[in-house]
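Here the structure comes first, spelled out in structure tokens, and everything after it is commentary.
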Amino acid sequence: MLAAAVLAAAVLAPAVALAVTDAERVAVYRDFRAAFDARRYPDALPLAEKLVALTQEQYGAKDRELVNPLANLGTTRYRMGDYKGAEEVYLRSVKIAADTGGNGDRLLLRPLQGLGATYYATRQYEDASVTLQRALDLSRNLDGLLNPGQLPILDPLIGSLVSLERHGEAVRGAGRPERLGQHRSARHPPGGSLCALARAYGPLPFRARRVRP
């Protein structure tokens, strides 16, 4: 009996020693942010992947703690031009957020915006318009009709609608948040799709930053 107990303890000891801690994940995240903020995306990528792996090991493959690490990995891949890889992890992030918090969960905003921008970058305009409209509706439901946080969503949404030749919807989308001007900095130029609308329909009532997820 005693020998069996000692053997069991010996088997369990390595697993305990290798358990992931919050401190370990925070350290990896800080290294990731340092590389990402310096635009050293090849250096940031393995750190983003490691953070996803550590979080999954600590919390499980379907836990909502994975939503932001997956979104960070998606954004890193996006910045590196790996749109297929970005789409894959954004989709997983969206699914986990929706499954664990519902369609009104604030955690959905970042992966939805990133997924929509990825579709837009790869000219999947129908998917982009649906995904970005979902993100826009969520942003307005959570933070109000005129919240400035929706500006990064509007430009690729309008661009998608213009590319689909749904110009009436694009013009309505551009005109609705005109009072957002009070929240903007004058140094930000109009986004590309808004410029296209301006050429077709004349000046627009507001400007938005060009979007990157």
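Key figures
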read-out: Options LEU151, LEU132, LEU136; residue that is in contact (Cβ under 8 Å) with a residue 40 or more places away in the chain, closer than 26 Å to VAL162 by Cβ and assigned by TED's automatic domain parsing to the domain that holds VAL162; value: LEU151
read-out: Sole exception among (1) in a helix (DSSP H, G or I); (2) surrounded by fewer than 21 Cβ atoms within 10 Å (Cβ to Cβ); (3) modelled with pLDDT of 95 or more for GLY149, by number; value: (3)
read-out: Filter result for the condition that a residue is out of contact with any Lys or Arg (no Cβ under 7 Å at 6 or more places or on another chain), modelled with pLDDT of 95 or more and assigned to a helix (DSSP H, G or I), over LEU47, LEU70, LEU51; value: LEU47
read-out: ARG106 vs. criteria surrounded by fewer than 15 Cβ atoms within 10 Å (Cβ to Cβ) and at pLDDT 90 or above; value: yes
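The values are calculated or read from the model by the stated rules, or taken from the named source; none is laboratory data. Note that the coordinates shown come from a computational prediction; the quantities given were computed from them, not determined experimentally. Here the Cβ is made from the backbone with ideal geometry for all residues, glycine too, and neighbour counts use every protein chain on show.
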